[in-house]
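The values are calculated or read from the model by the stated rules, or taken from the named source; none is laboratory data. In this text the structure is predicted, and so the values were computed from the model without any measurement. Quick reminder, even Gly has a Cβ in these numbers, built from the backbone with ideal geometry, and neighbours come from all protein chains shown. Calculation scope for accessible area: heavy atoms of the full protein, side chains included, ligands and nucleic acids excluded. Shrake-Rupley method; radii C 1.70, N 1.55, O 1.52, S 1.80 Å.
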Amino acid sequence: MPQTNAATDIELDTLLSKAKMAIKQNQIELANTTLQTILVEQPQHRDALYFLAVCLRREAKQDDAFDVLNKLLAVQPANGRAFQEFGHNYVALNEHDKAAEHFRLAVSNNPSLVASWAFLAKHFEAKGDQQQSAEAQRHVQYIQSLPPELVSVSSLLHDEKIYQAEQLCRHFLKHNQHHPEAMRLLAEIGVRLQILDDAEFLLEKCLEFYPDFHHARSDYVQVLTKRQKFEKALREAQTLYELDKANPVFELSLATCHQAVGNFDQALSMYHAILERDQSNHSLYAAQGHALKTVGRTDDAISSYQAAYKVSPDYGDAYWSLANLKVYQFSDSELNTMREQQAKSTTSLNDKIHLCFALGKALEDRQSYDESFRFYDKGNQLKRDASKYKSQQIIDDFEQQKRLFDRDFFEQRRDYGEPSAAPIFIVGLPRAGSTLLEQILASHSQVDGTMELANIIGFANRLGGRATRNQQSQYPEILDKLQPEHCLKLGQEFIRDTQIHRQGGVYFIDKMPNNFRHIPLMQLILPNAKIIDARREPMACCFSGFKQLFAEGQEFTYGLDLIGDYYCAYVGLMNHWDSVLPGRILRVQHEDVLVDLEGQVARILDHCGLPFEQACVDFHKTERAVRTPSSEQVRQPIYKSSMQQWQHYETHLQPLTESLGASKTSYR
């Protein structure tokens with residue numbers, strides 16, 4: 001950063017400290033003037049906007065305070081303190097129901113806001129809702145029991161100031177070793193930074209010291225699930241459930257873990273039992289819907305998603321889950337409700353995003369393409385604003401891989417790794433037809449379909465070491481230093497850890513698209529595994545990705561220019577792997593599968609060393625759990641209607657066309 005900018009930042013920090021001190025001393029006019037000085041330099045300075053709103057409330061200028069808070073939420077839509085300030089202003093106006101609405105939004109975005117919980121406890125008690133009042137009071141008591149430093153860590157974390165949260169938490173732990181909440185919070189920071197190894201280790205140690213710390217064990221289940229250690233997660237969830245069978249959170253966690261390991265009957269039975277006792281849990285209806293969708297019970301899934309939004313009309317995930325079935329048609333009434341909920345100021349950022357993508361799909365189905373694009377674009381912009389993704393970082397990473405891994409690199413290591421030929425990797429970009437290829441192969445009698453396995457990405461993260469803002473990852477350079485025994489161990493670990501997903505087939509599929517970024521690692525540890533590159537025409541592939549709201553990751557899809565840049569970089573990297581590992585990767589063009597299914601099936605099976613089976617051509621008749629957005633599409637025969645859907649939006653796609661450049665036509 002240039003010196004002038006650094007000096008300006010220091011000056012602004014000094015001014016902010018001066019304003020905060022002035023507020024403490026009730027010198028509101030001085031604070032106001034100081035904050036305005038900051039905002040002249042940085043009109044979107046989040047802390048300055050927040051404290052200016054506080055000043056305006058102190059001066060009883062509620063309308064002005066609302067204007068400033070709306071500016072803050074435009075910069076950071078999930079700012080819990082902004083919603084809390086809204087609540088305080090509504091209390092001042094004696095509008096307690098509106099205040100409660102905003103205090104609930106405050107704690108949903110930042111659970112450490114004790115003032116919001118305290119108001120909600122009194123509000124629910126006055127309303128006669130003793131259960132919710134008691135729940136809010138438990139939060140108050142827990143927060144008040146914590147050291148102030150850890151309350152600050154939690155608040156910083158939820159205010160997206162992760163680096164400051166980490167520094168404060170580590171400093172606290174230096175003087176308070178093995179403090180349970182500090183260990184749990186540091187693990188949560190690790191999850192936010194995608195350092196899941198550290199998070200798992202911290203929570204494991206925390207539970208060794210404090211086996212009755214249920215919050216840590218619940219977090220541990222979540223981390224194990226993220227790392228796809230489903231059997232271990234199920235055991236931990238069972239432990240929680242046995243400790244308190246009346247706790248619906250623990251029961252739901254156990255049901256979700258049963259679903260993750262493929263025990264769908266058990267999961268659905270538990271979802272049903274919980275809903276028999278409590279029909280007010282919208283997220284539970286959604287979870288049940290996801291399980292029903294996965295096993296192909298589409299009509300039942302639709303009913304469950306509809307029940308979710310009936311309980312909570314602003315619950316965006318319910319509408320998006322219906323849209324994500326790709327076969328559901330929204331009614332006029334549903335469309336009107338979605339528009340209303342999306343426009344409400346009290347609808348959370350996450351729900352707004354889900355509603356935008358759902359509206360985009362609903363209006364696309366009605367051929368209202370211009371309005372559909374506006375909602376797709378808005379949803380993507382909201383996601384993009386919350387992301388720190390930069391195209392150049394990915395481009396530089398791919399170029400580095402080309403420099404590091406040439407033909408000689410692989411030739412010198414031809415005997416490395418676990419010799420098993422069981423894995424079949426399907427790589428590429430999302431929405432490129434990989435689920436269709438998986439369904440085709442999983443229809444073969446010798447092949448097990450699994451899911452998008454995170455093992456390879458987990459290995460890459462582990463090899464990279466701890467990569468925070470101040471530490472550079474050692475991956476992929478470290479691959480040059482791997483010894484044969486380490487590669488063999490990793491390959492054996494992959495075969496062992498994926499066993500849970502198999503059903504007895506000779507071969508099994510790992511359909512994690514982003515594994516194309518880890519071809520060298522896959523080659524070193526599993527040299528006999530088969531690799532298939534699922535490729536799709538760029539305009540169709542990229543726009544389909546732009547329309548899709550992913551559960552997590554895939555940040556490159558939330559901008560037409562971003563996804564175009566990523567597609568170009570992907571094609572360039574795959575061309576490199578083809579040149580240094582000739583014949584190793586089979587490229588399957590999605591459009592070729594659509595026009596010559598039998599020919600492409602034969603080609604795929606030949607690459608995998610499998611005899612031809614008609615069931616692979618009749619893939620839509622295969623009954624199996626499918627966990628991706630294309631689950632309903634691959635249960636139908638081949639159809640070609642999606643090939644040129646992007647053309648309906650062509651007038652809006654100039655940023656994509658420009659970023660694709662020559663790759664728009666030279667992608668095969």
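Data overview
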read-out: Given (1) touching a Leu at 6+ places or on another chain (Cβ under 9 Å); (2) within 24 Å of residue 578 (Cβ to Cβ), number of the condition residue 495 does not satisfy; value: (2)
read-out: Residue list for segment 475-523, restricted to those being among the hydroxyl-bearing types (Ser, Thr, Tyr) and under 25 Å from residue 444 (Cβ atoms); value: 498, 507
read-out: Selection status of residue 504, more than 24 Å from the chain's Cα centre (by Cα) and at pLDDT below 95; value: yes
read-out: Count of segment 272-308 residues which are over 23 Å from the mean Cα position of the chain (by Cα) and over 22 Å from residue 330 (Cα atoms); value: 9
read-out: Residue list for segment 537-576, filter: under 15 Å from residue 662 (Cβ atoms) and charged (D, E, K, R); value: 537, 565
read-out: Residue identified as among the charged types (D, E, K, R) and closer than 29 Å to residue 79 by Cα among 161, 245, 232, 205; value: 161
read-out: Unique match (being in contact with a Phe, Trp or Tyr (Cβ under 8 Å, 6 or more places away or on another chain) and of a type in the set (A, V, I, L, M, F, W, C)) among 140, 151; value: 140
read-out: Any chance residue 100 is at pLDDT 95 or above, crowded, with 20+ Cβ neighbours inside 10 Å and closer than 23 Å to residue 351 by Cβ; value: yes
read-out: Helices (runs of 4 or more DSSP H) lying entirely in segment 347-410 (those with 2 or more residues that are open to solvent by 70 Å² or more (accessible area, probe 1.4 Å) and within 17 Å of residue 316 (Cβ to Cβ)); value: 369-385
read-out: Test for residue 53: is it closer than 26 Å to residue 384 by Cβ, at pLDDT below 95 and under 33 Å from the mean Cα position of the chain (by Cα); value: no
read-out: Sole residue being in contact with an Asp or Glu (Cβ under 6 Å, 6 or more places away or on another chain) and small (Gly, Ala, Ser), chosen from 458, 449, 417; value: 449
read-out: Residue match in segment 65-81 (condition: surrounded by fewer than 16 Cβ atoms within 10 Å (Cβ to Cβ), small (Gly, Ala, Ser) and at pLDDT 95 or above); value: no
read-out: Failed condition for residue 99, given (1) under 24 Å from the mean Cα position of the chain (by Cα); (2) part of a helix (DSSP H, G or I); value: (1)
read-out: Of all residues making up segment 160-192, the number that are touching a Pro at 6+ places or on another chain (Cβ under 9 Å) and surrounded by 22 or more Cβ atoms within 10 Å (Cβ to Cβ); value: 2
read-out: Conditions (1) crowded, with 24+ Cβ neighbours inside 10 Å; (2) among the charged types (D, E, K, R); (3) free of Cβ contacts under 8 Å to residues at least 12 places away in the same chain: number failed by residue 85; value: (3)
read-out: Output for segment 53-96, where each listed residue is among the charged types (D, E, K, R) and not in a helix (DSSP H, G or I); value: 59, 61, 95
read-out: Those helices (runs of 4 or more DSSP H) lying entirely in segment 225-344 with at least 1 residues polar (S, T, N, Q), open to solvent by 20 Å² or more (accessible area, probe 1.4 Å) and under 30 Å from residue 199 (Cα atoms); value: 230-243, 248-260, 264-277, 282-294
read-out: Qualifying positions in segment 530-579 - assigned to a loop (DSSP other than H, G, I, E, B) and either aromatic (Phe, Trp, Tyr) or surrounded by fewer than 22 Cβ atoms within 10 Å (Cβ to Cβ) (or both); value: 537, 548, 550, 551, 552, 553, 554, 558
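Quick grid of which residues meet (1) modelled with pLDDT of 95 or more; (2) touching a Phe, Trp or Tyr at 6+ places or on another chain (Cβ under 9 Å):
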{"site": "179", "(1), (2)": "yes, yes"}
{"site": "193", "(1), (2)": "no, no"}
{"site": "209", "(1), (2)": "yes, no"}
{"site": "237", "(1), (2)": "yes, yes"}
{"site": "246", "(1), (2)": "no, no"}
{"site": "297", "(1), (2)": "no, no"}
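Quick grid of which residues meet (1) more than 30 Å from residue 645 (Cα to Cα); (2) of a type in the set (D, E, K, R); (3) at pLDDT below 95:
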{"position": "390", "(1), (2), (3)": "no, yes, yes"}
{"position": "403", "(1), (2), (3)": "yes, yes, no"}
{"position": "408", "(1), (2), (3)": "yes, yes, no"}
{"position": "414", "(1), (2), (3)": "yes, yes, yes"}
{"position": "417", "(1), (2), (3)": "yes, no, no"}
{"position": "422", "(1), (2), (3)": "yes, no, no"}
{"position": "425", "(1), (2), (3)": "no, no, no"}
{"position": "428", "(1), (2), (3)": "no, no, no"}
{"position": "440", "(1), (2), (3)": "no, no, no"}
